[in-house]
Each structure stands twice: as C-alpha cells, then as structure tokens.
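Here is the structure we will look at.
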Amino acid sequence: MASPPRSPGQPNRPCSEDGIPVVDLAVLVNGDARERSQAVRHLGRACQDWGFFMVTNHGVPEDLQSAMMDACKELFGLPPEQKAEFMDAGPMDPVRVGTGFNSAVDGARYWRDYVKMFAHPELHCPAKPDGLRGVAAEYAARTRGLLLELTAAISESLGLPAGRIAERLDLGSCFQILVGNHYPPCAAGPDDDDGAVGLPAHSDHGLLTLLFQNGVDGLQVKHDGRWLLAKPIPGSFFVIAGDQLEIVSNGRYKGVLHRALVDRAQARMSCVSLLGPCLDAVVKPVPELAVPPLGLEFRGVKYRDYMEHQQSNKLNEKGALDLVRVQRHILTDTNRLEL
C-alpha cells in the first residue's frame, strides 16, 4: 500500500468530540521516530480501552468509497430473479445476498438487506451490476493494505515485532470479506427509545473490520457499559477490533460489542471490509503475551472452524468466544486453581 500523505483538512487529533480515539495512519507510516512512538502507544490504548477507533489519512480515495457504495446500492435495486442464486446461500458460501443475519438459524429477519462477498485470497462477486467486480477488486486491495498496515502497528503496540501477528495468523494468505448493508427507514415502537435494530449486539469473527457509511448515523459501540453512537470525522473510517485480535493478544485487546440501529426517516448504508487470518491458520495467543501469572486465556482454534461456528449460530453478543475460552474453576476441596 502506498504511504498515505497527510491531508491538510485532517489534522492529527487524539480523539473525536465524543471521545472515540482517532489514529492518523500517515503518522504511523511516515512519522518521525517520536511521532510514531506516540502514535503506536495511542493505537494500543485505543485497542485496549475501546476496541474501536477512527483512522484518518488512510489513503483510500473518496471516489473509490463512493463507487463501492453506489455499486452495492445498484445491486440491492436489481430484480429478485437476478439475485436469486445467492439468496439461499449458506454461511460459508462465497457470495450471499439477502435479508437478516441467518434467518434459518435466528428465526428472525433483521431490518437490513446485505451482500457478502469473499474477496481474498480470491474475489467472488455477482455478475450484476456490471461495474461491481472491478470496483470491489480495487476496494478490497486498498482496504486490505490499510488493515495490514494497522495490524503491523498493533503488533508493535503489544511490544512485539511489527510482523509478529501477521506471521502468527499467516496474513500473507489472509481472508477478507466485503459487505454492503442497506437499512431501510423504520419507525420504532413506542417503547423503543433507541430505535429499530438493524443488526443486534455482536463482536466480529475476524481480526479487524473497516467501515464507512452514507452520512446517516446508526453504528453504536459499547464502551464502559453504555452504548455510544459513533459519529465519524469526515473522511475517516471506523475500525472495529474482532475476536481474532482478542485471541491472538491473549485478551489484552478486546473485540468490541457493536450494533446497528435504523433511522426513522432515512435509509442508512454501510460498506465493510473485514480482515481475518488465513482460513486454515490455527489462531492462539502469541506465547510472549501468555507468560505467568496470566497464562493462556484462549486455546487454539482453526479460523475456518471459528468463523463457521459464529456464522451458523444465533448472534449472542460475544458468545462465540466461549468456544475457545479457557475455563478456569476453583477446586474448593483442595483450594487450588486448575485449568
């Protein structure tokens, strides 16, 4: 990925008005030693305290973002017969189009339309609309480069070499998904102060998720026990820490709970680029982060198996992590801790 220039309209600021951390990628890539050191520490605090931040000066052109959103919008407007082959796809199929997270499992249809496309190591894409494949390929490549740059800096923030996490997760063969979401307007019920739910509270199954939206707010993150509406700085992306970052960091960094609310008057759209380990990588904590007295918080799991487990079951906040969480219990008769 080309080194992003510092935009004069996007100053390096530590947080937004509502306290959400802001990370300047240009400083992480091109800053002098002092600037980089400060930026890496700030990034680490954002991952530890929030699991969520905004990234500015990221180098992904605004016209490419707009083209990606326009192509997804065009897809949602296609006649049903042109999307039919993807409407009944399962959780691990490379292209899915539909409504709801997995209505066969959930017994519910969330208030959204979506398209999900596996984008790396190989791009899978509907044939229509005509321009989608070219735009998706470029958008996937640019955002993948951005997420890999952030991963290297996150590795440094943990006191590891820049390439350590990438090595552990085989990010040279990383898995990437592109998602387009469309949330039609919906008036909430009289007892629902927050609004209708487009997607309920959950953490992402991957390593890092990149998101931008169409100017209609709706993304909420849980911070310090309360839900906070995320309002982006113009030109920024939201970055969401996922379950694999929590596992590989041995719980030092958390996959953040987030949800999508629906606006009462306007349609909301978002575009997501999710980066995950190689599907066949066995993800477990970096040994250097599991030294006594903490020990291992998670056992190893193949990413493919974890993703399939999370995608095939009803969304239950961070319940999927229970699959790999080390269960500790006290043996009262011996008064000792056992794993």
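The values are calculated or read from the model by the stated rules, or taken from the named source; none is laboratory data. Please read these numbers as outputs of a predicted model, since none were measured by experiment. Don't worry about glycine lacking a Cβ; one is built from the backbone with ideal geometry, like all the others, and counts go over all protein chains shown. Side chains included, ligands, DNA and RNA excluded: accessible areas come from the protein's heavy atoms. Shrake-Rupley method; radii C 1.70, N 1.55, O 1.52, S 1.80 Å.
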Inset, instruction - Highest first, please rank the peptides 148-154, 129-135 by the mean number of other Cβ atoms sitting within 10 Å of their residues. - result: 148-154, 129-135
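At a 10 angstrom cut-off on C-beta neighbours, averaged per residue, how do the peptides 269-275, 36-42 rank from highest to lowest?
Most protected by this proxy first, the peptides run 269-275, 36-42.
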Legend entry - Given K83/K314; K222/K284; K83/K254, the pairs whose alpha carbons are separated by over 31 Å: K83/K254
Legend entry - Rel. contact order, % - alpha carbon contacts under 8 angstrom, at least six apart, the chain: 18
Legend entry - Residue-wise HN-Hα coupling along the range 78-85, computed from phi with Karplus coefficients 6.51, -1.76, 1.60 (Hz; x: Gly, Pro): 5, x, x, 5, 7, 10, 4, 5
Inset, instruction - Mind jotting down a quarter of the surface of the convex hull over the alpha carbons of the range 22-87, in square nanometres, one decimal? - result: 6.7
Legend entry - Other-chain or far-sequence residues with amide H under 5 Å of V22's (modelled H): C15, S16, M54
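For the chain, what is the accessible area per residue in Å², given a 1.4 Å probe and the full set of protein chains?
Details: 14910 Å² over 339 residues.
Heavy-atom SASA per residue in the chain reads 44 Å².
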Legend entry - Note, ³J(HN,Hα) from phi for the range 301-313, Karplus 6.51, -1.76, 1.60, rounded to Hz, x at Gly and Pro: 8, 5, 4, 4, 5, 5, 4, 5, 4, 5, 6, 9, 10
Inset, instruction - Note the per residue figure in Å³ for the convex hull of the C-alpha positions in the range 22-323. - result: 130
Inset, instruction - Taking the dipole about the Cα centre of the chain, with the C-beta of Lys and Arg at +1 and of Asp and Glu at -1, give me whichever of G225, V179, G31 is farthest to the positive side. - result: G31
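Under the definition of Cα pairs under 8 Å and six or more residues apart, what whole-number percent is the relative contact order of the range 39-175?
24
In the chain, carbon and sulfur make up what percent of the accessible area (probe 1.4 Å)?
C and S fraction of accessible area: 50 percent.
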Inset, instruction - From the C-alpha gyration tensor of the range 209-301, pull out the three semi-axes of the equivalent ellipsoid (sqrt of 5λ each), sorted largest to smallest, in whole Å. - result: 32, 15, 10
Inset, instruction - Would you work out the charge dipole size for the range 22-323 about its Cα centre, treating the Cβ of every Lys and Arg as +1 and the Cβ of every Asp and Glu as -1, and quote it to the nearest 20 debye? - result: 380
Inset, instruction - Would you please give the residues with an amide H less than 5 Å from that of G206, counting only those at least 5 places away or on a separate chain, with H modeled from the backbone geometry? - result: D243, Q244
Legend entry - Charge dipole of the chain about the Cα centre (unit charges at C-beta), most positive-ward option of I240, P91, F118: I240
Inset, instruction - Choose one answer from E81, E35, E138: the residue with the largest mean-square fluctuation in a GNM of the chain with alpha-carbon springs under 10 Å. - result: E81
